[in-house]
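Structure record follows, encoded as structure tokens.
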Amino acid sequence: MFTGYCRWRLVKTLVRVQPGDPKKACLCRPFSCGANRAHLHLCPIFGFLAQLKPPDAGIGGPSHSNERLRSRPVRVKFPAYRRYREARIAASDSLMALFIGARLGGHVLSTAPADPSARMPQIFGLIPGIDRVNRTLGDAARLLGEAEGHLASMGIPYVLAVHGELLVAVIEMLREDGRDDPTRAWTIPRRTQPSEVSLDVIHEYVAERCRSAFPPERLELFHLARRVRNRILHFGGEAGSRLPGDYRGMSTVAKADWERLAAVRLRSVEEKSC
């Protein structure tokens, strides 16, 4: 459901956060909003460009297609990239299904003709596992209405993990190509296992081995999303004191991209520090 044209660019990883309790900025609760806005914008966009050298011409001389290959770059979709794309689509579809399912369930329960004090197992007894939600219809509708923030808190680390797995595969390919020499003094030190390279330096790690650089505004977006993930995983979703400063310190271009793609400013961390 999330779409993106894959190119040799950095991840566009955006999350949408709205104000929560004015006394405590929180990254878990603020993901509720109007029904016409997307709640989670996590759209990793990455791909591979390669200059292909076609094989030597066989009997009959070079083909017309080989001549075209010599004249322009060709996009190569490696097996690792194809696996990443499948995982990204599956994650996006599953997250959106859960979001819409929560809204749909809340709507059905709040408009049901049954008594709001009736319990879920009484009304939907044929649904497997319904006894685990032994709540009234009204209470269940409220729970579903509050579920989106929790879903976002689960989805953000999930999607960043999918992107991180791709970058680990990129490092493995770089090593197979001899571009991660263990005897060389790298600015970002070589790690024994590609999976040991942390997300806070993994793009820079790849860029140094490729003798290239990612667009700085894309790196800003990724690193802010990564810090949001860290606050969710390690601090229960509280914004803390550093994240608001990180957001305020973003370049004009990066902040404009964040707000354009997320459709909202990160007000809850911009205006208040914990």
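The values are calculated or read from the model by the stated rules, or taken from the named source; none is laboratory data. What you see is a predicted model, and the numbers here were worked out from it, not measured in a lab. Positions of Cβ are generated from backbone atoms using ideal geometry, with glycine treated the same way; all protein chains shown enter the neighbour counts. Only protein heavy atoms, including side chains, enter the accessible area calculation; ligands, DNA and RNA are left aside. Shrake-Rupley method; radii C 1.70, N 1.55, O 1.52, S 1.80 Å.
The residue that is most open to solvent (accessible area, probe 1.4 Å), counting only those in the stretch 134-150 that are in contact (Cβ under 8 Å) with a residue 60 or more places away in the chain and in a helix (DSSP H, G or I), is HIS150. Taken together, ARG119, ARG85 contain a single residue that is within 30 Å of MET173 (Cα to Cα), of a type outside the set (Ser, Thr, Tyr) and open to solvent by 80 Å² or more (accessible area, probe 1.4 Å), which is ARG85. In the stretch 170-198, the residues that are in a helix (DSSP H, G or I) form Cβ pairs under 7 Å with partners that are open to solvent by less than 50 Å² (accessible area, probe 1.4 Å) and of a type in the set (D, E, K, R), at six or more places apart or across chains, as follows: ILE171/ASP180; LEU174/ASP180; LEU174/ARG209.
When VAL253 is tested against (1) without any contact (Cβ under 8 Å) to a residue 60 or more places away in the chain; (2) within 24 Å of GLY155 (Cβ to Cβ); (3) touching a Pro at 6+ places or on another chain (Cβ under 9 Å), only condition (2) is not met.
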